[in-house]
Every structure is written in structure tokens, then in C-alpha cells.
Amino acid sequence: MSAEVALPSPTGLQAFADQARHYADRSRASNTRRAYASDVRAFANWCAGRGEASLPASPAAVLAYLIDHAATLKVATLQRRLAAIREQHAAVGLHLDTSSAAFRDTWRGIKRAHGQPAAKKKPLMTVDLRRAIATLPDTLAGKRDRALILVGFAAALRRSELAGLEVTRRDGGAWVEERPDGLVVHLARSKTDQSGEGAEIGVPYGSNMETCPVRSYRAWIKAARLKEGPAFRPIDRHGRIDTEAVTDRAVARIVQRTVEAAALAEGHAPEEARRLAAAYAGHSLRSGLATSAAANDAPGHAIQRQLRHKRFDTTSGYIRSGQLFKQNPAGMAGL
């Protein structure tokens, strides 16, 4: 006779249920979780002001919420808020039915009437990067900015990845390894790698001393005397280096500030220089590498590997942009 199997007590099952909720929360990136929480609060406040229930919410209330905000929020934001509301219901075992023809047609009409292409920052192409880098002074801050921009460009890093780099290996973190052939950027987790498998990105020596990411990084690390901790840090006006890392927003500001300096050096008025710089941001380094490499006929699969895209469809957008004038029929028509 087989022995009886002892079933877990309800208290024990509750502990597992709590862990399950914890892991379910971790299934999305922290930025997405924060955005969803904010979206759910916004919907709850809107419902409270109209005497409507937000959980469970009626499809009519959700549709009215979308209509009420169609003129003031971007379609992408509305799409995320709808997803957040659905997920909130699913998390507590409720089904929000948005499959009716009326809901689908109205939502489709909102997207058609108010949808617009996402505002993208310009890629920092190699020729513009060279001009920008040339304006950086040979100071501690200038060495940092040069290294940050060139490593971010060469490794096609997102601004959060660049800000999070460490000088030495740290469990669960991103770090830079110096090798004879160049640098290896180790990423533990990224936007498209939520399972945390990690990635290694090679950064070779540049052919131009002034824009070599490897030499620039080593010059910065030596000047700053960094042995461990964040690779890129704030520097105050007295030249004192912080112990914390720069923020991802600081990365964007460094890029814009350097582009603005280049525009001023070329004779643009201050207002015009600021306007030109505003077209760039942290992502301009990543997109600039991809677009510049495509313009120089780098293989598509190599660009995809450097950008760590899961799908080639994502990479192909950069390739199309970089090869607009390559084998262009208009240029072969004898005009």
C-alpha cells in the first residue's frame, strides 16, 4: 500500500502564492511596472470622479476613458493604459471584454484619427560625432564625455546601459573588460533580454586616435584613477568626481551639450545651436552607430548582433535609413 502524500497546508500554499505574485511582477521591466501602476492610478482617479467602478470596470467605462483622453494623450500612451487596465483585471481573475464590434471600431477610429509617427531623435552620424568630439576640452570632464560618447556609440548602448557600466566585474551588473584587442562590454540584462541571459559586445580600436573608443576609455579611467565602481560619474565644477554613476538623463544631456558646442564652433547662433542639439539624445549614439555602419555597407547581421536586436525587422529600419542613397534608382536614371 502506497504511503499517503501530505498536502501543503493552506498557509504553505499562501506563501507560494505570494512568491508567484512576486515572480509575475518581475516578468516585466521595472520601467514598465512603474508605468502600468501610474496608468492604473490615472484610470482609477478618472472613474472616481465620475462615480464609475474601476475594478471591475465596464467596457463602456474604459472606452469612455479612451475617448475622453484621445485629444490630449498620444495613441501609444492610450495603448499602454489600455494594456495596464486589462492586466490589472487579469491579475485578480477578472476578464475585461473589449472584443465587441463597437469597442474595436471606436478604438480603431481613435488610432486612425490621432495616431502619428513616434518622434525620433536624430542618429549621431560618424561625421557629426567627429565634429562634436573635437570640441571637448582636455579636462577631466572632457575626457569623461569623450569616453562616454565613443563607448556608447561603438557598443551601440542604450543610455541606461551606458550609465550603468562598472569598471570591474560585479555580479548582476554591467561592466567593461579591457583586453589586448579592445574592450568587451558585458551586459547582464537589457531591454530585449529580460530573462537576464546577458551579452558581450566587442569594442575594437578606432583607426583615428581622436575618436578611438578604446584609447579614450583608458585615458579617462587613468585620469580619474578609477579602480572599481561606476565607470562614468558626475564631476562637480571643482573637478571632484562623485562615487555614484551618472544618470541616463545625464547621458542625453552630455550628448546634446557636445553637439551644441560643435554647432557653436561652426558659427551657428546660440538659439540655433540649441535647436540643433535638441534633435539628439542618448539614443542618438546607438542609432548613429547602426546608421553609419549601414551607410558604409556593414553586413546587416553584424549590425543586428551589435545592437542585440531579437528581430532583423527592427535592425532593417536603421539599414534603410543609412542606405537611402546607396544604389538609388533616382541616382541611376541619368538626371
* Structure fact -> Sorted largest first, the Cα spans of region 180-335 on the principal axes come out in Å as 60, 47, 30
* Please give the length that would be gained between Arg257 and Arg237 if that part of the chain were fully extended, namely 0.36 nm times their separation in residues minus their C-alpha to C-alpha distance (nm, one decimal). => 5.6 nm
* Asked: Gaussian network model of the chain, Cα springs within a sub-10 Å range: biggest mean-square fluctuation belongs to which of Arg308, Arg225, Arg253?
  -> Arg225
* **Spin-label model distance (nm) - Asp138 vs Arg311, 7 Å beyond Cα toward Cβ** => 4.9 nm
* Asked: For region 254-335, what does the alpha-carbon gyration tensor say about shape, rounded, prolate or oblate, given a ≥ b ≥ c as the root eigenvalues, a/c under 1.5 as rounded, and a/b over b/c as prolate?
  -> oblate
* Structure fact -> Semi-axes (Å, rounded, descending) of the ellipsoid equivalent to region 29-98 per its C-alpha gyration tensor are 17, 16, 11
* Structure fact -> Accessible-area order for Thr315, Thr77, largest to smallest, probe 1.4 angstrom, reads Thr77, Thr315
* **For the chain, size of Cβ-based charge dipole, Lys and Arg +1, Asp and Glu -1, in debye** => 580 debye
* Using the C-alpha gyration tensor of region 121-250, what are the square roots of 5 times its eigenvalues, in whole angstrom, with the largest one first? -> 21, 18, 15
* Accessible surface of Met209 in the full protein assembly, 1.4 angstrom probe, to the nearest 10 Å²? -> 120 Å²
* Asked: Given region 253-300, what whole percent of its Cα pairs are spread farther than 15 Å?
  -> 51 percent
* Report, to the nearest whole %, how much of the accessible area of the chain belongs to carbon and sulfur atoms, 1.4 Å probe, protein only. => 53 percent
* Relative intensity, log₁₀ I(q)/I(0), of region 88-191 from a Debye sum that treats every alpha carbon as a point, q = 0.14, 0.18, 0.20, 0.22 Å⁻¹ -> -0.77, -0.97, -1.11, -1.24
* Would you work out if region 218-292 is rounded, prolate or oblate? Take a ≥ b ≥ c from the square roots of the eigenvalues of the alpha-carbon gyration tensor; rounded if a/c is under 1.5, else prolate when a/b is larger than b/c, oblate otherwise. => prolate
* If we count every other residue with Cβ under 12 angstrom of Ile303's Cβ, Lys/Arg +1 and Asp/Glu -1, where does the sum land? -> +3
* Any of Lys143/Lys227; Lys121/Lys143; Lys74/Lys121 with alpha carbons more than 19 Å apart? Name them for me. => Lys121/Lys143
* To do: Positive end of the charge dipole of region 212-335 (Lys, Arg +1 and Asp, Glu -1 on Cβ, about the Cα centre): tell me which of Tyr280, Ala293, Gly229 has its Cα farthest that way.
  => Gly229
* So how much accessible area does His268 have, in Å² to the nearest 10, using a 1.4 Å probe? -> 70 Å²
* Please work out the ratio of the alpha-carbon Rg of region 63-147 to 2.2 N^0.38 Å and round it to two decimals. => 1.88
* Asked: Taking GluC sites (Glu not before Pro) as exposed when DSSP calls them loop (any state but H, G, I, E, B) and at most 13 other Cβ atoms lie within 10 Å, what is the longest stretch of the chain free of them, the sites themselves excluded?
  -> 5-196
* Identified option (computed Cα extents along the principal axes in Å; candidates (1) 56, 48, 37; (2) 71, 67, 46; (3) 62, 47, 40) -> (2)
* Structure fact -> The summed charge of the Arg104 Cβ neighbourhood (under 15 Å; Lys/Arg +1, Asp/Glu -1) stands at +2
* **Per DSSP, loop trypsin sites (Lys or Arg not before Pro) in region 43-126 with at most 15 further Cβ within 10 Å** => Arg50, Lys74, Lys120
* In deg cm²/dmol, rounded to 500, what helix-only [θ] at 222 nm does the chain give when every DSSP H run of at least 4 residues adds -39500 (n - 2.57) and the total is split over its residues? -> -16500 deg cm²/dmol
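The values are calculated or read from the model by the stated rules, or taken from the named source; none is laboratory data. Note that the coordinates shown come from a computational prediction; the quantities given were computed from them, not determined experimentally. Virtual Cβ from ideal backbone geometry, glycine too; neighbours counted across all protein chains shown. Please note that ligands, DNA and RNA were not included when accessible areas were found on the heavy atoms of the full protein model with its side chains. Shrake-Rupley method; radii C 1.70, N 1.55, O 1.52, S 1.80 Å.
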